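Take a look at the structure below.
What follows is calculated from the coordinates using simple rules that are stated; it is not laboratory data. No experiment lies behind these values; they were computed from the predicted model shown. All Cβ positions, glycine included, derive from the backbone under ideal geometry; neighbour counts span all protein chains shown.
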Amino acid sequence: MSRPVFVLDEILAILKSSGAPQRTIDVFRQHAETIAGKRNEREAETTTPEEPTADRVIVSSSFGHRTERAYVEFTLNDQRTQMEPKKAREIGLMLLEAAEAAASDEIFVTLLARLGLTSVEARGRALLDLREIRQGTRDVSWPS
């Protein structure tokens with residue numbers, strides 16, 4: 001359910017080009033700025049020295065006035081999706097588990113190199129064995 005994200009100026013331009021009265025555009029701008037100022041939003045730009053281009057990640061909580069249900073909004077660059085809090089917690093846990101597994105993979109491969117296993121292919125095979133032991137498969141482990 002991803003969709004493009006528009007900035008306020010783009011929406012205002014669309015309203016203007018569609019012939020909306022200036023008063024309507026001004027009221028819309030005021031409401032949008034009020035909502036944006038009240039959002040419970042956390043933003044992180046992630047970069048590494050090897051990867052200078054940052055991904056823009058925005059996570060915010062919200063409440064649907066029409067549905068009267070809470071939801072979490074997740075934006076990665078220009079793709080936005082909304083989900084129930086239960087799904088957001090599930091995804092958050094999956095991210096934490098994957099981060100821990102990635103860190104342990106790096107430690108394991110570094111240890112193999114320090115122990116003298118210089119073949120990249122051999123280290124890769126050992127890493128696949130470790131994944132199979134850790135998660136029961138060499139492939140992606142999908143939650144049930």
If R0 = 22 Å, then V59 and D9, at their Cβ-Cβ distance, give a FRET efficiency to the nearest 0.05 of 0.45
Would you mind ranking T34, T24 so that the residue whose beta carbon has the fewest other beta carbons within 10 Å leads the list? T34, T24
Scan around Y71 for amide H atoms under 5 Å from its own, H built in the peptide plane at 1.01 Å from N, and keep only partners 5 or more places away or cross-chain. S62, F63, G64
Loop-resident trypsin sites (Lys or Arg not before Pro) in the range 50-144 with no more than 14 other Cβ atoms inside 10 Å, DSSP not H/G/I/E/B, are R66, R138
Subtracting the Cα-Cα distance from 0.36 nm times the residue separation, let me have the gained length for L117 to S17 in nm, one decimal. 29.5 nm
Report the extension gain between D105 and K87 in nm, rounded to one decimal, defined as 0.36 nm multiplied by the number of residues separating them, less their alpha carbon distance. 3.8 nm
